[in-house]
Amino acid sequence: MSVLFIVGYLVGSVPFGLILARLFGYGDIRKIGSGNIGATNVLRTGNKALAAATLILDAGKGAIPIFLLAFFVIQDTPDPAVSEDFYNVMALSFGFGAILGHCFPVWLKFKGGKGVATTLGVLLVATPWAGFVAVCTWGIVAGFFRISSLAALCAVAIAPLAAFLIYGPMPGIITILIALLVFWRHKGNIDRLLKGEEPKIGAGKTQA
């Protein structure tokens, strides 16, 4: 399990937002807007396609390796019940490592993103129904309030409950740890939300 966590961390620490911004001539994304390497800050370049690509790649670095893990676990484990339980715990352990890597990448002196896209990618593949609930929550809150951070916090807050009810205690516990990490990375956003100063999606403010 520890090997999966380390591999997940290394995969998750690939800074796609920073790489894409440089490849397309926007320089160091850490010097734009909030200084974050995620899709929300990439959107502040004005390039929506680049922001969408960052979102997909950040989600993918949590989802795709877990999808491959699922294939091999299910193939090698004859008992479907055992394989499902085993897969959920292994997948979330791998995913937690990937999210941690995105938030604290070793390549960037442990200064990374906030983990939302990677978290949603992990949940959709490791615990699909919990991921579905989280994504729907994000969409509803973002649609009503147009505040990305509020939508993200609501999504990760409801995910542990969904994981616990649908997949059991251990997946629920791991999802709680993931949610706590994402909340910690959003502490500045939470402060601005409480003050009513958090920018709306597409506002182009300097804080995020």
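A few notes on this one:
- Taking first residues from the range 159-176 that are polar (S, T, N, Q) and partners that are part of a helix (DSSP H, G or I), the Cβ contacts under 6 Å between residues at least 6 apart in sequence or on separate chains come to THR175/ALA159; THR175/PRO160; THR175/ALA163.
- Within the range 108-162, being of a type in the set (S, T, N, Q) and over 25 Å from GLY196 (Cα atoms) holds for THR118, THR119, THR127.
- For PHE110, the conditions (1) within 21 Å of GLY17 (Cβ to Cβ); (2) out of contact with any His (no Cβ under 9 Å at 6 or more places or on another chain); (3) at pLDDT below 95; (4) in a helix (DSSP H, G or I) are fulfilled apart from (4).
- Taking the numbered list (1) without any contact (Cβ under 8 Å) to a residue 12 or more places away in the chain; (2) outside any helix (DSSP H, G or I) in turn, CYS136 passes all entries but (2).
- Selected residue [in contact with a helix residue (DSSP H, G or I) (Cβ under 8 Å, 6 or more places away or on another chain) and at pLDDT 95 or above] from PHE104, PHE164: PHE164
- Some residue of the range 195-208 being touching a residue at least 60 places away in the same chain (Cβ under 8 Å), in contact with a Pro (Cβ under 9 Å, 6 or more places away or on another chain), among the small types (Gly, Ala, Ser) and not in a helix (DSSP H, G or I): yes
The values are calculated or read from the model by the stated rules, or taken from the named source; none is laboratory data. From a predicted model like this one, the values you see are computed outputs, not experimental measurements. Here the Cβ is made from the backbone with ideal geometry for all residues, glycine too, and neighbour counts use every protein chain on show.
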